[in-house]
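The values are calculated or read from the model by the stated rules, or taken from the named source; none is laboratory data. Computed from a predicted structure; not experimentally measured. When we count neighbours, we look across all protein chains shown, and the Cβ atoms used for this are built from the backbone with ideal geometry, even at glycine.
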Amino acid sequence: MKHIHVKVNGKEYEDVVESRMLLVYFIRERLGLTGTHVGCDTTNCGACTVIFNGRSIKSCTMFAVQADGAEIMTIEGLAKEGKLHPIQEMFWENHGLQCGFCTPGVIMQAFWFLKENPNPSEEEVRQGISGNLCRCTGYQNIVKAIMEAAKGRVEVVTAPARSV
C-alpha cells in the first residue's frame, strides 16, 4: 500500500492505494469520475485517455502510485461552470459520437492535440487521434468536429454554450 497525492480537475486528493492499482481504476473507483472509460487495458483503444501533467496518456497502462504528485484532467474537468468546452460543443453540433463509449477519450486526445497543433490539416487530425478507436462512427464526424473546433476556436469560446 502506498499513500498518494494527486490533483484531478483542479481538486486535491489523497488516498492509500495498492501498488498494482491502475490509474484508470483509481480515477473511476476511488474518485468516482466515471467518464474515463476502461476499454482494452492494453493502450489500443484510448477510451481511458486523460491529460497527465500536460500530456495525453492512456491511464490503463499507468499505476496510480506513478501518479503521485501529478496533475490530471479527465473529461469531467473540461466543462466549466455548467458549460461545455468548445470541443465538446463541436462534438455535439457535428454528431461526433454514436454510442459514446470512446467519446471521452477521443475528446481528451483532441483537447491535447489542438493545444499542440491549433491549426491542423484533416490528415494531421486523423493521425492525432489514431490511438483512439471508435467502432461506431467511421470517424468522419469526429474529424469534422475537431476541425470545426480548430477553425472556430475564438468564436466557439465566446459563443453561448449548452448547459451540461
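Observations on the structure shown:
- Count of segment 88-124 residues which are charged (D, E, K, R) and at positive phi: 0
- Among the residues examined, PHE91 qualifies as assigned by TED's automatic domain parsing to the domain that holds ILE129 and either buried (at least 18 other Cβ atoms within 10 Å of the Cβ) or of a type outside the set (A, V, I, L, M) (or both).
Yes or no, residue by residue, for (1) over 18 Å from GLY10 (Cα atoms); (2) surrounded by 16 or more Cβ atoms within 10 Å (Cβ to Cβ):
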{"site": "THR42", "(1), (2)": "yes, no"}
{"site": "PHE52", "(1), (2)": "no, yes"}
{"site": "PHE63", "(1), (2)": "yes, yes"}
{"site": "GLY77", "(1), (2)": "no, yes"}
{"site": "TRP112", "(1), (2)": "no, yes"}
{"site": "GLN127", "(1), (2)": "yes, no"}
{"site": "GLN140", "(1), (2)": "yes, no"}
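- Candidates GLY77, GLY54, GLY69, filtered to the one that is modelled with pLDDT of 95 or more and touching a Gly at 6+ places or on another chain (Cβ under 9 Å): GLY77
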